[in-house]
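Asks: Next up is a structure, given as structure tokens.
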């Protein structure tokens, strides 16, 4: 049996949620110890830019959302538009984490500045994943036919292939090291 596009995206959500849980724990620990886990946060930034944004959101934006739009799901004023805006907000927050961490290391940002940006990112992505899982993916499963599904799957393979052979697995393993 072939895995549906929404099943693959949901599996990627589980990987992302594991990293978010680890980030949430790191923020809680840092609030107690008053020490920013800089190396860990740099790893989360790298993971977020590569796996969350380029791989996962790349597949949604390049493959899945256009298919949904073709099948009649509205972009503007509909769930696709909301997801796209949240992808942009996620990119912005990753940049804020990166910038605030660098400023903290230079002495011009507080611990709370760094932790606040991390909390905002965790909150955004958890809510975003819930919307996709509970609203958008069921819509997709209802409207995407077999032929369109096959096209989305091919597009997913091309998107994963753009990272090079086995890169998606490397990114997944990176996530596993971030959750320990």
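The values are calculated or read from the model by the stated rules, or taken from the named source; none is laboratory data. Just so we're clear, the structure is a prediction, and the values are computed from it rather than from any experiment. For neighbour counting, all protein chains shown are included, and Cβ atoms are generated from backbone atoms with ideal geometry for every residue, glycine included.
Asks: Quick check on this structure: which one of 19, 52, 45 is in contact (Cβ under 8 Å) with a residue 40 or more places away in the chain, surrounded by fewer than 22 Cβ atoms within 10 Å (Cβ to Cβ), within 21 Å of the chain's Cα centre (by Cα) and part of a helix (DSSP H, G or I)?
Replies: Of 19, 52, 45, the one residue that is in contact (Cβ under 8 Å) with a residue 40 or more places away in the chain, surrounded by fewer than 22 Cβ atoms within 10 Å (Cβ to Cβ), within 21 Å of the chain's Cα centre (by Cα) and part of a helix (DSSP H, G or I) is 45.
Asks: Continuing with the same structure: Take the residues in region 1-16 that are under 11 Å from residue 133 (Cα atoms) and touching a helix residue (DSSP H, G or I) at 6+ places or on another chain (Cβ under 8 Å), then tell me which one is surrounded by the fewest Cβ atoms within 10 Å (Cβ to Cβ).
Replies: Out of the qualifying residues, it is 10.
Asks: Right, residue 29: surrounded by fewer than 19 Cβ atoms within 10 Å (Cβ to Cβ), assigned to a helix (DSSP H, G or I) and touching a helix residue (DSSP H, G or I) at 6+ places or on another chain (Cβ under 9 Å) or not? Step through it out loud before you land on a result.
Replies: On the way: surrounded by fewer than 19 Cβ atoms within 10 Å (Cβ to Cβ): yes; assigned to a helix (DSSP H, G or I): yes; touching a helix residue (DSSP H, G or I) at 6+ places or on another chain (Cβ under 9 Å): no.
For residue 29, the condition - surrounded by fewer than 19 Cβ atoms within 10 Å (Cβ to Cβ), assigned to a helix (DSSP H, G or I) and touching a helix residue (DSSP H, G or I) at 6+ places or on another chain (Cβ under 9 Å) - is not met.
Asks: Residue check: is residue 59 touching a residue at least 40 places away in the same chain (Cβ under 8 Å) and crowded, with 20+ Cβ neighbours inside 10 Å?
Replies: yes
Asks: Another question, then. If I ask for residues that are surrounded by 17 or more Cβ atoms within 10 Å (Cβ to Cβ) and part of a loop (DSSP other than H, G, I, E, B), which ones from region 64-112 would you list?
Replies: Hits for region 64-112 are 73, 109.
Asks: Which count do you get for residues in region 45-75 that are more than 30 Å from residue 148 (Cα to Cα) and modelled with pLDDT of 95 or more?
Replies: 1
Asks: List pairs: first in region 101-113 and on the phi < 0 side of the Ramachandran plot and without any contact (Cβ under 8 Å) to a residue 24 or more places away in the chain, second assigned to a loop (DSSP other than H, G, I, E, B) and surrounded by 14 or more Cβ atoms within 10 Å (Cβ to Cβ), Cβ under 9 Å, 6+ apart or cross-chain?
Replies: 102/109; 103/109
Asks: When region 62-90 is examined, which residues are found to be without any contact (Cβ under 8 Å) to a residue 40 or more places away in the chain and within 16 Å of residue 23 (Cβ to Cβ)?
Replies: none
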